[in-house]
Every structure is written in structure tokens, then in C-alpha cells.
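I'd like to ask some things about the structure below.
The values are calculated or read from the model by the stated rules, or taken from the named source; none is laboratory data. Just so it is clear, the structure is predicted and the values come from calculations on it, not from any experiment. Please note: Cβ atoms are built from the backbone with ideal geometry, for glycine as well, and neighbour counts cover all protein chains shown.
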């Protein structure tokens, strides 16, 4: 279906044409008409299917139908996102599709100086894209007026709940008019999302483009079984041997992201890490350089991943499987976007097999598994015999006896220096 048939103005169609888009995606086809009619909506679609434009285009259309007052003005639309990166991405979409309209957007999020945001709000705007915490800062400082909000959008609702923003959302809801239009967009339709929708939406249209919690069809998924201690070595080998030029790698922790980025850099790969402890400037700079090809490998945590919008990203690697199966879907959704093909690779150690089973249960399919020559994982039976003496040796050392050197040689492959053994144990234990 072409955008011209969806009831959008010539100014918006011109902006869409500038981006070389002609055909609306399924989520856009189903979401735009009801939103233009003023209906509340609960929409579920996989990442990379055009969700952002699915609510941005009709939101701009509806606001443009009412004349814009001159001078200072209060925002009429509020788009709430869970992360800074996603707020930036959505605001870029608003700017892109609204560039021929007299509508003024402002984006506000934490990690940067609040004074500039206050100055932008004082000049007046029509659309605010915000993260919950920083928006509440403005509410409490009375630097933003939410009493004129006509359209309220909750983007990535499932992530909002995962990150514990439900209280902040309800505080914000109390500040906006009750007769607003509310749109909820999510990657999944969980029971928690359904419960929240009942309290926020009025007779909503429900749109579900793809089956719940399924991965994009364009993404080729593969599992490589490998020992935890050899994951970094295998990852470096794959990137170099297959000449991957743009790779997004996921870890579970911030510390793990920093450590892996440092190790890959030592292997000669230009690498950066992004996570919650990084400043917004550092995160934005790393993402910009990754998109431009100046950085070959970007290591990220799940919190940072939801705002990453990278066109034609070819490779996503799960260096560690996520604890929550749904996060696997969000991770691999960074590739295979907008009809492009992509590859999602997971490096899975013995202790992650339960997590892998949970992911396969969610996807309702078995993922293809492969053991690469030279990187065969240690059999579980041997792994158990290796681990038992290791714990015993540690206990004896704590008692000051020094332990049995012969036992240690059997456990660690005849290494003769206990201090090196101790150093080798640290990455194994911390990685778990």
C-alpha cells in the first residue's frame, strides 16, 4: 500500500519521498488510519518494522490540522520512551517527517545539562519526546506545561515496565488531560502490557502485525557452542576470518561490555562500548562512529540496545545470552530491519544451555547449532571434574596449607605456577 492512500498531507508525503519511501509497512498500514481518526491504540510489532513512523506520521498530520499559535506555546503531543537513544531516534523521525510543517519538537532526556532543555521549552514547542525521569524533573521544576497534551504516545511499553517506569508513567499521566488520545506501542503483548492498557486506553484499536515474540524472518539465527573462556577468541576469529565490518555485540553487564571492548581492541579491532554508565556524549559519539564505519565493533548492554537504529546492520552477536528470553528478540531485532537480511549469532557456553532452552521455547523453534573446528567445547563430564578440584584447591589455600600441587596440575593441565592458576580462575567465575 502506498503512503498516498493513507490520508496524509502533501507536506508529509513530500518528506517521505525525500527518504525514498513509497510503500507503507504492515504496521504503518494498519496503525495510521485509526490514529488519524482519533482512536486510542494498542499496537504490537517487531523492532525494525517501521513502528516509529507508524505513530509519528499520523501524529504530525493530526497536529498540523490545527493552526499553530505564534510565540510561546505549550506542547500538544508527548512521546515517552524508555532510553535516551530511543528518544533521540524518535525525535530525529519527528524532524525528518515534519520538516515541511510549522511544528516544533523538543527532545529531553537525562545525562545532559537541563538548562538548555529549559530554554528550548520556554521558547515554546508542539511536540515533546522524553524519557520519564528527566520529564518528571521538568514537571517538578515547573519548566514544562503538560495541560495541553492532545496525543500521548508510550513507545516500547514492554521495556518501560521492565525498567520499572510504571510509577513514573502514572505520575506523568496525572499531569495530562484525561480526554487525550493515547497510543501504546510495544514489541510484545505480555499480560502486564494488556493490564496496563486497560487502565490507560479508551476503547482502543488493537493491532498486532507479527505473532507475539517471534524474531524477524529476515534474520538468520545461529548458535555456536563454545567454552566461556574461548568466546572472545572465537569472536575475534569470526570477525577477522569472515571480514565483518559492522558488528553489534551484546553482553549482560556493563563491566562485561567494558572488558570485552578492551580485549577486542587489543586484538586489533576498532571497538567501543555503550551502556548506562557511559555519558550521553560518549554513547552518542560511539554510535555515530559505528554508523559511519569508523568503529568496527560496538559492544552494548540490553539497556542501551533499545534505541539503536542502524540501517542495514548485517551482524548481531550475543556474546552472552540474556537472562530474559524476550530480550533476545529485541537484540536480534537490531538487524534484518526494513526488509534487509541480517545474521544473529549466539556464543553459548555450557552454563547457558537453560537460557537457550528458554529462548527456543519463546520462539517455538529450535535454533541451528554448530561447533567450529578448533573451538570444540569441553565435554560436560570433563568440565565437572575440572571444577571440583578447583574449589577444593581454593579452600586449602585459604586455610594456609598451600594445597596439593599434584592435584592442581591434574586440574589445570599441568600448570606449575599457582598464582597463574588464580588469575585464570577470575575470568571464568566473573563471566558467570
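Which is surrounded by fewer than 24 Cβ atoms within 10 Å (Cβ to Cβ), within 19 Å of the chain's Cα centre (by Cα) and either within 19 Å of residue 15 (Cα to Cα) or not assigned by TED's automatic domain parsing to the domain that holds residue 312 (or both), of 49, 66?
Working: 66 fails: within 19 Å of the chain's Cα centre (by Cα).
One residue alone meets the criteria, 49.
Show me the strands (runs of 3 or more DSSP E) entirely contained within the stretch 314-377 in which 1 or more residues are modelled with pLDDT under 90 and either touching a helix residue (DSSP H, G or I) at 6+ places or on another chain (Cβ under 9 Å) or surrounded by fewer than 16 Cβ atoms within 10 Å (Cβ to Cβ) (or both).
342-348
So, residue 94, is that one under 26 Å from residue 67 (Cβ atoms), in contact with a strand residue (DSSP E or B) (Cβ under 7 Å, 6 or more places away or on another chain) and part of a strand (DSSP E or B) or not? Walk me through how you get there before you give the answer.
Details: under 26 Å from residue 67 (Cβ atoms): yes; in contact with a strand residue (DSSP E or B) (Cβ under 7 Å, 6 or more places away or on another chain): yes; part of a strand (DSSP E or B): no.
In short, no.
Touching a strand residue (DSSP E or B) at 6+ places or on another chain (Cβ under 6 Å) and either modelled with pLDDT under 90 or not in a helix (DSSP H, G or I) (or both): does that describe residue 86?
Answer is no for this residue.
Related question: Any chance you could count how many residues in the stretch 164-182 are in a helix (DSSP H, G or I) and free of Cβ contacts under 8 Å to residues at least 12 places away in the same chain?
Number satisfying all stated conditions: 2.
Further question on the same structure: Mind checking whether some residue in the stretch 247-257 is within 15 Å of residue 334 (Cβ to Cβ), touching a residue at least 40 places away in the same chain (Cβ under 8 Å), part of a loop (DSSP other than H, G, I, E, B) and under 16 Å from the mean Cα position of the chain (by Cα)?
Looking through the stretch 247-257, at least one residue is within 15 Å of residue 334 (Cβ to Cβ), touching a residue at least 40 places away in the same chain (Cβ under 8 Å), part of a loop (DSSP other than H, G, I, E, B) and under 16 Å from the mean Cα position of the chain (by Cα).
Identify the residue in the stretch 192-211 that is at pLDDT 90 or above and in a loop (DSSP other than H, G, I, E, B) and, among all such residues, is nearest to residue 137 (Cα to Cα).
Ranking the qualifying residues of the stretch 192-211, first place goes to 201.
Of the residues 161, 135, which is within 20 Å of the chain's Cα centre (by Cα) and not in a strand (DSSP E or B)?
On the way: 135 fails: within 20 Å of the chain's Cα centre (by Cα).
Exactly one of 161, 135 is within 20 Å of the chain's Cα centre (by Cα) and not in a strand (DSSP E or B), namely 161.
Per-residue answers, yes or no, for (1) closer than 16 Å to residue 95 by Cα; (2) in contact (Cβ under 8 Å) with a residue 24 or more places away in the chain; (3) out of contact with any strand residue (DSSP E or B) (no Cβ under 9 Å at 6 or more places or on another chain):
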| position | (1), (2), (3) |
| --- | --- |
| 13 | yes, no, yes |
| 28 | no, yes, yes |
| 36 | no, yes, yes |
| 41 | no, yes, no |
| 44 | no, yes, no |
| 52 | yes, yes, no |
| 60 | yes, yes, no |
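OK, next. Given the criteria at pLDDT 90 or above, outside the structural domain of residue 296 (by TED's automatic domain parsing) and either within 30 Å of residue 368 (Cβ to Cβ) or touching a helix residue (DSSP H, G or I) at 6+ places or on another chain (Cβ under 7 Å) (or both), does residue 171 qualify?
Taking the combined requirement at face value, the residue satisfies it.
Sort through 79, 27, 32 and tell me the only one that's on the phi < 0 side of the Ramachandran plot and outside any helix (DSSP H, G or I). Lay out the reasoning, then the answer.
Working: 27 fails: outside any helix (DSSP H, G or I); 32 fails: outside any helix (DSSP H, G or I).
So the residue among 79, 27, 32 that is on the phi < 0 side of the Ramachandran plot and outside any helix (DSSP H, G or I) is 79.
Name, by its number, the condition in (1) more than 25 Å from residue 158 (Cβ to Cβ); (2) surrounded by fewer than 24 Cβ atoms within 10 Å (Cβ to Cβ) that does not hold for residue 30.
If we test residue 30 against (1) more than 25 Å from residue 158 (Cβ to Cβ); (2) surrounded by fewer than 24 Cβ atoms within 10 Å (Cβ to Cβ), just (1) comes out false.
When the stretch 109-147 is examined, which residues are found to be touching a residue at least 60 places away in the same chain (Cβ under 8 Å) and under 26 Å from residue 198 (Cβ atoms)?
146, 147
For the stretch 122-129, indicate whether the set of residues that are out of contact with any helix residue (DSSP H, G or I) (no Cβ under 6 Å at 6 or more places or on another chain), modelled with pLDDT under 95 and not in a loop (DSSP other than H, G, I, E, B) is non-empty.
yes
Can I ask one more? May I ask you to say which residue of 185, 189 is at pLDDT below 95, part of a strand (DSSP E or B) and either surrounded by 15 or more Cβ atoms within 10 Å (Cβ to Cβ) or not assigned by TED's automatic domain parsing to the domain that holds residue 110 (or both)?
185
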